[in-house]
1. Can you tell me how many residues within the stretch 27-72 are outside any helix (DSSP H, G or I), open to solvent by 40 Å² or more (accessible area, probe 1.4 Å) and either under 28 Å from L366 (Cβ atoms) or not hydroxyl-bearing (S, T, Y) (or both)?
2. When you scan the stretch 137-188, how many residues do you find that are hydroxyl-bearing (S, T, Y) and crowded, with 17+ Cβ neighbours inside 10 Å?
3. Take I203 and decide whether it is among the aliphatic types (A, V, I, L, M), within 28 Å of G335 (Cα to Cα), over 20 Å from the mean Cα position of the chain (by Cα) and surrounded by fewer than 18 Cβ atoms within 10 Å (Cβ to Cβ).
4. Could you tell me how many of the residues in the stretch 336-355 are at pLDDT 90 or above and not hydrophobic (A, V, I, L, M, F, W, C)?
5. Of V218, V196, V226, which residue is in a strand (DSSP E or B), farther than 30 Å from S311 by Cα, in contact (Cβ under 8 Å) with a residue 12 or more places away in the chain and over 17 Å from the mean Cα position of the chain (by Cα)?
6. Six or more apart or on different chains, Cβ atoms under 8 Å: show the pairs whose first residue is in the stretch 364-376 and in a helix (DSSP H, G or I) and whose second is among the small types (G, A, S) and open to solvent by less than 60 Å² (accessible area, probe 1.4 Å).
7. Determine, yes or no, whether S14 is open to solvent by 10 Å² or more (accessible area, probe 1.4 Å) and over 22 Å from E60 (Cα atoms).
8. Pick from the stretch 1-21 the residues that are touching a strand residue (DSSP E or B) at 6+ places or on another chain (Cβ under 9 Å) and either of a type in the set (G, A, S) or part of a loop (DSSP other than H, G, I, E, B) (or both): which of them is nearest to L64 (Cα to Cα)?
Amino acid sequence: MIIITDAQYRSCVSMIEALAQSGEDIILCAEEGTNPPAFHSKYCVMARFMPKDTDEYRKELAELCKFVCTPESEEKPVIIPIGLKTVRLLAEYKDEFSEYADFIVPDKDVLETANDKEKMSEAAEESGIRIPRMIPVNESGDPLTNRIRYPVYVKPVFGEAYGMGASERYDIAFDEEEIANSYEKYLELTGKAPIVQEYAGDIGIGVCVVMDKNSEPVNIFCHKRVREYPVSGGPSSCCVSMFSQNLANGAVKLLKAIGYTGIAMVEFRGSDDGHFAFLEVNTRIWGSFPLCVKSGSSFISDYVLAARGASFSVPDTHYKRGKMMSFAVNDILAGVDYIKSGSTALGLHAFGSIADPAVSDGIFDLDDPKPFFVYLDNCRKKIAEHYKEEKK
């Protein structure tokens, strides 16, 4: 039995499709007040809405684990936490939940370190991994050096903890005034001084890793961003599978250095010259996770095996390279914005990808189509709400 939490996220749809093929029974849990596309999948055995309040959520999740883990059960259920809220909950109450379920998450202090951009930049540097050059600023956000190559990033230390979306977790500044404005904004929002770094390049590569309970790599999957929405730095709207041994080695070395366990995506940014720098660690299932499934990776199945105590002599890196995937709605919106911003070729490519049968959609599956149409309806409602707010 597998319990997948935070099923309101779109990545859950492909996850249950992958696990259902292995014969696993699946229970989905989602935050109340949402309409999870995965709840409408034919692979969903049981679906439960969970309270938003963290304490109430903790109690109900624990009760669910106890209910599934009966004395007659041959093995405990495996928890796959999709959202950071659940990862943090399991990390804090690891002993309590371990009695009734199997899962792999970092210890609480390791999780806090992994989510701290400043600490992870220091850890990367100590591990011999290139990082973007830090720009020193004073308490007002004014740069303390004139040797700045614009643009630069301005990033809160841990933006997701304050409810910021992917596109809100950093600004790109093009002069000193913009640095100071972004610095002040993030300082006011979080109460902590943000970091300022040089821009590392236009190519984003994610190295996704399952680390077992001994902090050894179980599975590695790499992908490159093709387009993102919003185009100023949002989640991937289109991405392609690939593999880089150097970046994979760097990601594993960094995660081992802090004693990380569980699922993580180590993000690098670079340019066509092949020079890449470490940006951050994503300590939960990332938005473009469905590409793992579309590429034939055993990523999530290997997590389940590792959670149940299996060991691996070498990490699994077998999957199709060059497999492209897009999220149709987001990629169309991205295409429009790329054209508006002057990147016409990239924008037109987005429209071409929608019609290309070789490009998989991150939600749609011909054998299980209903979640896709629920997702489209959710997108329609969000867009309608957005325009309604803009008119106020």
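The values are calculated or read from the model by the stated rules, or taken from the named source; none is laboratory data. Keep in mind that what you see is a predicted model, and the values were worked out from it rather than measured. Ideal geometry is used to build each Cβ from the backbone, glycine not excepted, and the neighbour counts take in all protein chains shown. Accessible surface is based on the protein model in full, side chains and every heavy atom, while ligands, DNA and RNA are left aside. Shrake-Rupley method; radii C 1.70, N 1.55, O 1.52, S 1.80 Å.
1. To start, the set of residues in the stretch 27-72 that are outside any helix (DSSP H, G or I) comprises 27-36, 41-53, 69-72.
Cutting the leftovers down to open to solvent by 40 Å² or more (accessible area, probe 1.4 Å) gives us 31-35, 42-43, 45-49, 52-53, 70-72.
Keeping just the survivors that are either under 28 Å from L366 (Cβ atoms) or not hydroxyl-bearing (S, T, Y) (or both) gives 31-35, 42-43, 45-49, 52-53, 71-72.
Looking only at that region, the number is 16.
2. So the count comes out to 5.
3. On the way: among the aliphatic types (A, V, I, L, M): yes; within 28 Å of G335 (Cα to Cα): yes; over 20 Å from the mean Cα position of the chain (by Cα): no; surrounded by fewer than 18 Cβ atoms within 10 Å (Cβ to Cβ): yes.
Criteria not met by I203.
4. The total comes to 0.
5. On the way: V218 fails: farther than 30 Å from S311 by Cα; V226 fails: over 17 Å from the mean Cα position of the chain (by Cα).
Result: V196 is the single residue among V218, V196, V226 that is in a strand (DSSP E or B), farther than 30 Å from S311 by Cα, in contact (Cβ under 8 Å) with a residue 12 or more places away in the chain and over 17 Å from the mean Cα position of the chain (by Cα).
6. Note: pairs meeting the criteria are K370/S41; P371/A38; P371/S41.
7. Numbers: open to solvent by 10 Å² or more (accessible area, probe 1.4 Å): no; over 22 Å from E60 (Cα atoms): yes.
Taking the combined requirement at face value, the residue does not satisfy it.
8. M1
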